[in-house]
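The values are calculated or read from the model by the stated rules, or taken from the named source; none is laboratory data. Remember, predicted model here, so these are calculated numbers, not experimental data. All Cβ positions, glycine included, derive from the backbone under ideal geometry; neighbour counts span all protein chains shown. Only protein heavy atoms, including side chains, enter the accessible area calculation; ligands, DNA and RNA are left aside. Shrake-Rupley method; radii C 1.70, N 1.55, O 1.52, S 1.80 Å.
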Amino acid sequence: MSDGKPTQAPGTPPAGMAIPGNRTMPKEDRLTPPVWEGGRAAPPNGDFRMIGKRNRKVEGLAKVTGRAVYADDLVLPRMLHAKLLRSIHAHARIVSIDASAALALPGVHAVVTGADMPTHFGIIPWTEDEQALCTDKVRYVGDAIAAVAADDERTCEEALKLVRVEYEPLPAVTDIETALAHPEWQVNEKAGEGNISKHVRLEFGDVDGALAASDHVVEGDYWYEGSTHAPLEPHCCVAEFDSTGFLTVWSSTQVAHYLHRDLAKVLNLPTQRVRVIQPVVGGGFGGKSEPFSLEFAAAKLSMVTGRPVKILYTREEVFYAHRGRHPMRLRYRTGMTADGAITGTDALVQLDGGAYSSFGLVTTYYSGQLLTAPYALPAYRFDSTRVFTNKPACGPKRGHGSVQPRFAFECQLDKLCEKAGLDPIEVRRRNFIGERTKTVNGMRVTSNGFLECLDAVERESGWAAKFRRMPYGRGIGVAGSMYISGTNYCIYPNEMPQSAVQLRLDRSGRATVMSGCSDIGQGVESVLAYIVCEELGLDLRDVRVVAADTDLTPVDLGAYSSRETFMVGNACLDAARHLRLKIAQTLAERWGVAAGEIVLANGVACASSDPGRFAISVKEAFQWAEARHGTLGSVGWYQSPKLGGEYRGGTIGASPAYSFTAHVAEVECDPETGFVAVKHIWVAHDCGRALNPVTVEGQMEGSAYMGFGEALLETQRYKDAAPGHAFGLHHGPSLLDYRMPTSLDTPELHALIVESVDPEGPYGAKEAGEGPLHPSIPAIANAIHDALGVRCDALPFDPPSVMRLLRAGEARANWERARAQVGGPR
């Protein structure tokens, strides 16, 4: 590790040193940010003053005092309200729509249908298969057909009842098996073949040969039930189309930039005549990562009426909007040598994608591409197929695409360990892929703290004294994983930066950061403020962050794929170091010292060689620099390097850095009822460097909580056809019926931060918001096996499911055999 001291004067980096935001532009065309020993990871002044400390979040006080403004808090003059008419059928042709009676209702101002916005859109340019409102066919119960604008929501609801829609029902595709068996019942006409949304088959190495040569081979079938995000804040937007032909949309979105593009496309407006503003967002978890019907409908109704229009989804509508976790059917064959080395893995994955593509192209790749670390896989093959069904579309939920296969694979490892008579933690150590290496599918790995993660959970959980040694009904299990810190792949191909920041310093001593980043509660605005404070010596109260306004801020692609801290953090670091260099050069000239001696910290600018003689306030330093250079402002940007394998799809899953995680879960199970109580989850996560440990711990605990909920409780299910209703109604679209853990259900969560200090992250940081979710589910499943002797290979692990397993097999005998391997209690 570096001692953090500069090796030379700022602005003269060593040859070949990577500089954030300076990958392709000739250096003579821009300023070069100062580079310190250790690159981006090192502190600017020898020691960190802000980074790594337990600081408050900049928006926290506004949220807890009720001053934060969410989309539904906005009320504009003459504002109308609108509601969407939704399909009552899972699959049907639209024969006709008659809105005349609704338009005649007093208080109704306009009705729009799909004919008013027929252009297809989609978050992935190659799979644009959605319309703002359906024109010819509905594809799931809840698909949007028309929108009504009225004086208030109650009048909207009455008007919706008066819209007459004539349907021609079609056979409904209810599940993966039906989708594959009946290609003639085509859900989505954009599919190239039958109901296939996407098919990917990739093989690396001789899988069949590796499995044939293995001492132990385990084959398993797994089912991962779908789940939804359930953020506290429902989707909401307000749209205003003014008299100059300019559209402004305030939306609770995670992707203001992509929404901006699609609004212009669907509404046939020039992009420069559209503005998207993200107010404070009350949670997203991936559920607000693409445009939805409400934004298009509100905007179109505003264009028709000439008045602002607000649409707020009900909680039931949020469940039907969905875009949550894909249900997946998974079959794995995995081989291992007698001493615990993984030899090969063969995966067959089927995804239930719902009615539209959403992020499905990427999800299909992620279901295979993101399994190749933290363990070295000599040979690996996956065959993934996503199908369309007549259900709400699935999309990205926290840990997009890789949570389900990680569950299956980590359970496979546990079975192999038992078969070979080896300790599961030790086997994971033996197969550690290492750092500064590549995976079998060509993904570059930089820093890797997975071994330290295993050490931490083993130590803190008391693994050695508990594994296979606790009485019947109590058990402990382990699992590991990795996840991306952003992708090197923009959703629409271009050579422009993935993230940018504008930074302005005022002579008053205040800094303003402008960024298109999307803060959905994870704290990215705070990260930007911390970076500016660290580089420029400011107090946190003296930094203002202006974010997610497409008119005011430079482009950032949004909050998805755990990209914000790494990418916008690097952009901000780039901008801040440009200004720090100007200030340092100004003070150095005045004081006759080297620029490398200038320290900006705790509101003071001084020369480290003689701080008693050369010291002024940071505010005064800003004024001196402004007098020397003019108005102080800078731009920083980040573009990831070229990454990934040299094959079709090889860039999907490639990331500038990967986080690594290990979990140990401890459970108490009642063999009489099948009830599983998770008592503890120890979460060790390699986040590179924790820019704010309390925020990182919150993300780790929140991720583990969400994984725990999916393991035991949460299911996004739909009713089968029965007398009185057709297929496709949600089983329970409310927070009362959709079972989520309360604080009373939640286990003790132990967050154990591991810092590997990545060479390319801002100050060495990597992601912490999604990776810590993955191991929770398989760790709990493996703990249940340790407790009861049954394998939970299908979610959720609820009492009826556990009881079926206990009644179906020789659970107690399996438990005793496992104990006999290590001499535990019987």
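Quick one: count up the residues across region 653-711 that are outside any helix (DSSP H, G or I), farther than 28 Å from A808 by Cβ and touching a His at 6+ places or on another chain (Cβ under 7 Å). Selection size over region 653-711: 5.
Against the definition (surrounded by 19 or more Cβ atoms within 10 Å (Cβ to Cβ), modelled with pLDDT of 95 or more and among the aliphatic types (A, V, I, L, M)), how does A256 come out, yes or no? The answer is yes for A256.
Where helices (runs of 4 or more DSSP H) fall wholly inside region 764-826, the ranges with 1 or more residues that are surrounded by fewer than 19 Cβ atoms within 10 Å (Cβ to Cβ) are 799-808, 811-822.
When region 166-199 is filtered for residues that are aliphatic (A, V, I, L, M) and in contact (Cβ under 8 Å) with a residue 12 or more places away in the chain, the ones remaining, listed by number, are L170, A172, V173, I176, A179, L180, V187, A191, I196. Just to be sure before I move on: is E672 without any contact (Cβ under 8 Å) to a residue 60 or more places away in the chain, assigned by TED's automatic domain parsing to the domain that holds I484 and surrounded by fewer than 20 Cβ atoms within 10 Å (Cβ to Cβ) in the structure I sent? When the stated conditions are applied, E672 passes them. Residues that are of a type in the set (G, A, S) and open to solvent by less than 20 Å² (accessible area, probe 1.4 Å) were ranked within region 563-592; the one that is nearest to P43 (Cα to Cα) is A576.
Residues in region 113-136 that are assigned to a loop (DSSP other than H, G, I, E, B) and either surrounded by 16 or more Cβ atoms within 10 Å (Cβ to Cβ) or modelled with pLDDT under 95 (or both): 11 in all.
Let's see how each residue does on (1) under 24 Å from A794 (Cβ atoms); (2) free of Cβ contacts under 8 Å to residues at least 40 places away in the same chain; (3) in a helix (DSSP H, G or I):
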| position | (1), (2), (3) |
| --- | --- |
| G395 | yes, no, no |
| G401 | yes, no, no |
| Q412 | yes, no, yes |
| L422 | no, no, no |
| R429 | no, yes, yes |
| G434 | no, no, no |
| V440 | no, no, no |
| N448 | no, no, no |
| L454 | no, no, yes |
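Exactly one residue out of S743, S734 is in a loop (DSSP other than H, G, I, E, B), in the same structural domain as E770 (by TED's automatic domain parsing) and in contact (Cβ under 8 Å) with a residue 40 or more places away in the chain, and it is S734.
What residue, among those in region 179-193 that are over 15 Å from T127 (Cα atoms) and of a type in the set (G, A, S), is most open to solvent (accessible area, probe 1.4 Å)?
Our first condition is that a residue be over 15 Å from T127 (Cα atoms); within region 179-193, this holds for 179-186.
Add one more test, that the residue is of a type in the set (G, A, S), and what stays is 179, 181.
Details: A179: 3, A181: 65 Å².
Ranking the qualifying residues of region 179-193, first place goes to A181.
For region 462-490, a residue qualifies if it is more than 30 Å from P671 (Cβ to Cβ) and either touching a Lys or Arg at 6+ places or on another chain (Cβ under 6 Å) or open to solvent by 10 Å² or more (accessible area, probe 1.4 Å) (or both), and the qualifying residues are S485, G486, T487, N488, Y489, C490.
Looking across region 137-178 at every residue that is in contact with a strand residue (DSSP E or B) (Cβ under 8 Å, 6 or more places away or on another chain), closer than 19 Å to N195 by Cβ and outside any loop (DSSP other than H, G, I, E, B), the one that is most open to solvent (accessible area, probe 1.4 Å) is identified as P169. Answer with yes or no whether S481 is touching a helix residue (DSSP H, G or I) at 6+ places or on another chain (Cβ under 7 Å) and not assigned by TED's automatic domain parsing to the domain that holds S659. So S481 does not fit the description; no.
The listed residues are R78, R93, and the only one of them that is in the same structural domain as Y313 (by TED's automatic domain parsing), open to solvent by 70 Å² or more (accessible area, probe 1.4 Å) and farther than 18 Å from A150 by Cβ turns out to be R93. Give the residue that is most open to solvent (accessible area, probe 1.4 Å), with candidates limited to residues of region 377-393 that are in contact with a strand residue (DSSP E or B) (Cβ under 7 Å, 6 or more places away or on another chain) and in a loop (DSSP other than H, G, I, E, B). Top of the filtered list is P378.
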